[in-house]
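The numbers here are math on the coordinates, done by the rules we state, and not lab data. As the structure is a computational prediction, the values presented were derived from the model and not from experiment. Quick reminder, even Gly has a Cβ in these numbers, built from the backbone with ideal geometry, and neighbours come from all protein chains shown.
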Amino acid sequence: MTLADYLPLALMGILAAGFVAVSLVASRLFSPNRPTPEKLAPYECGIIPETEATQRFPVKFYLVAMLFVIFDVEIVFLFAWATRWLELGWYGIAAAGLFTLFVLETLVYVWKRGALDWNVKTSGPLPA
Amino acid sequence: MQIDWLAIAPEIVVAVTILGVLAADLVLPRPLKYWTATLAVVGLTLAVVPLILMAASSVETRSLFEGSYVVDDFALVLKGLFLIAGYLVVLMSVSYIESDRYYQGEYYLLLLSSVLGSLVIASARDLIVLFIGVELTTGPLFMLAGWRKGDIRSNEASLKFFILGVLSTAILLWGMAMLYGVSGEVRFDQIRSALADPSPAAQPLVGLAILFVLVGFAFKVSAVPFHFWAPDTYEGAPTPVTAYLSVSSKAAGFVALFVTVYVALRDRVDIWGPGLWALAALSMTIGNLAALRQSNIVRLLAYSSIAQAGFMLVPFAAASVAGEQLAEGLAATVVYLVIYALMNLGAFAVVIQGARRTGTGDIDGWAGLGRIDPRLGVLAAVFFFSLAGIPPLAGWFAKFVMFRAAIAAGSAAATSLAVIAAINAVIALYYYARVAKVVWFDEAPAGAEPATEPPAASLALTLGIAAVATVVVGVFPAVFAVFGEATRVLLASG
Amino acid sequence: MILPQFLILAAALFSLGVYGLLVRRNAVMVLLAVELMLAAVNINLVAFEAALRTSQAVGQVFAIFVITVAAAEVGIGLAIVLMIFRNRQSANVDEFDLMKW
């Protein structure tokens, strides 16, 4: 590809940017601007918001998210096995089964210690 | 697929113990949680059995997984060290962890995971296996360092350790990726043959890769100038964890470094030899000078362990700048490592008991401890004089082996390193002796009663084992002759 | 195969990560910087793998291990940050000066 082949792409980009610029300027020029408090609210019709949108999330969401990431990523080992499972035969199945068993034990542990429980009120240490 | 199960039996035993501790922690009610500690002790003891079987068998080298995992005499000696050190740290932890109602099950789970990681390091002859071993060793320690959750100092220790730990991991990995890139292999023996004659274009990349690997490991073993996390982390972490950090995790970092440079990069000793020389000289000098100014006993031991790491490197670094007798240098370094581990664990056990007795970690607060508790005073003197290298304790033999190897290496650079080590040994004597002086010759504070209650049984056992080992090795150093053979095997297999 | 481009990209990412690690105050940002560095290593590994065409795909296997270890480490890191936040109501790294560095 030479540089000239990129010309249509460049034209496309210029057109897109120009359209955005023209419509933004045009709406500013031609539309009447009479704001009222209702119009400035995030949702003009519907529920009146009570707090800021960028509020903090409770820590328990974070805990579940962290556990999800870890268990999610550990499963990547099974991909490597899945691409070659026929050649690996029973040996591969045994190894993958053992691996899954270990992951399951930790999952049971996490579950029983209450880390997946949504309704725990305190943010203190996990119940023993 | 053919697998020599005996060769990986220690790792399997420890792994099963880990799963067992996890399950036990789940089902045991709170008053019975101490069973997790019992389980950990039993598991670590059982794991020694296959080691003894392998040491007794006639098979010299067991190679698994196409040579990625090798169990030879070198690995056996170090695995024995890691298991014994882990065993002593668990014993040390029992009363400490119980007295503050920490999370017992999780504590032993993480400690055992770290031990498992160091077992893997001793056998790793492959970049991937080595990386997994290193991460398994240090990962749990980030959490253990912050075990006292409510204590801001412990939090800080954990955070600093974590940030520097992951930084060093990233640097190490970058170096490993480069090594893979220039050689096209991850197994150490193949990397070595691929690097024997690299293309001229790859030459600078090889140097860069070795530099990154060296810096990454230098962080892990807290060698100067990559040491600044160590004193803070050691001070803030729970004391048994500090003992583990300064002994097992440091030893594991050293073993990983030695295996990499010795097996995979031995032909490029011209690149890493001077690096090791600088690390050894700087660690000894700066560690000792900083230790002189410390008033807190744990901080003193932190800087002392940095300085000891420098001493440990001396024989191997001297041999590598001289470019010959590498096997002898490595053997001397391993002897020093093992002896250091035993006496330093003893010193930390003394610190735990001494802090409980006096209620303070300030050295001056320990005045007259020898009168209050004579047995503890004697043990303090034994371990601190051993660290200083005074005969007939184990430390002198370590220093003797170190100087002999450094001088045998012969070149001017090696001899100058030996001279630096000699000057530092004298400096070190001053601050070790100061602890003994405070304990025995300073007046006890008014109102101090002679001790009546003995230390917890598990801690007493730790002190006993470490003290017996320190004295026996010092008087009969012949027990260490076997190590010389161990590293020669590594030379042959590499 | 355009190996140099990938290596330059990885080097730039790695440098960005080191920069972020050293200058960002917020501990969560520091964690992100670390992730950037590990991602750079992964790019390196996979690029070398593609250029070298080794039979066993060791570069990719290495990258898989790096990804999982990175996830575990960021889990540990976030747990530590959370613990500190509960005690101090702040996650700024430079406020940790109880002990000298």
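Details
- Computed E for B:Arg266/B:Asp4 - FRET, C-beta separation, R0 30 angstrom, nearest 0.05: 0.70
- Rounded to the nearest 20 debye, the dipole size of the protein assembly as shown about its Cα centre is 1000 debye, using +1 on the Cβ of Lys and Arg and -1 on the Cβ of Asp and Glu.
- Efficiency of FRET from Cβ geometry, B:Val42 and C:Gln56, R₀ 45 Å, rounded to 0.05: 0.70
- Average beta carbon contacts from partner chains per residue of B:178-186, 10 Å cutoff: 5
- Each Cα pair under 8 Å and six or more residues apart adds its separation to the average, and for segment C:3-90 the resulting relative contact order is 28 percent.
- Long pairs among B:Lys79/B:Lys160; B:Lys149/B:Lys399; B:Lys79/B:Lys437; A:Lys112/B:Lys220, criterion Cα-Cα beyond 32 Å: B:Lys149/B:Lys399; B:Lys79/B:Lys437; A:Lys112/B:Lys220
- Shielding by partners for peptide C:44-50, expressed as the average number of C-beta atoms from other protein chains within 10 Å of each residue's C-beta, is 4.
- Taking each DSSP H run with n ≥ 4 as -39500 (n - 2.57) and averaging over every residue of chain B yields -25500 deg cm²/dmol at 222 nm.
- Acute angle (nearest 10 degrees) that the helix B:104-123 long axis makes with the longest principal axis of chain B, alpha-carbon atoms: 30
- In degrees, nearest ten, helix B:412-441 long axis to first principal axis of chain B (Cα): 10
- Relative contact order, whole percent, for chain B stands at 15, derived from Cα pairs under 8 Å and 6 or more residues apart.
- By the beta-carbon count within 10 Å of each Cβ, the least crowded to most crowded order of B:Tyr340, A:Tyr91, B:Tyr234, fewest first, is A:Tyr91, B:Tyr340, B:Tyr234.
- Using alpha-carbon coordinates, inclination of helix B:374-388 to the longest axis of chain B, degrees: 30
- For the protein assembly as shown, the residue among A:Leu29, B:Val247, A:Tyr91 whose Cα projects farthest onto the positive side of the dipole built from Cβ charges is A:Leu29.
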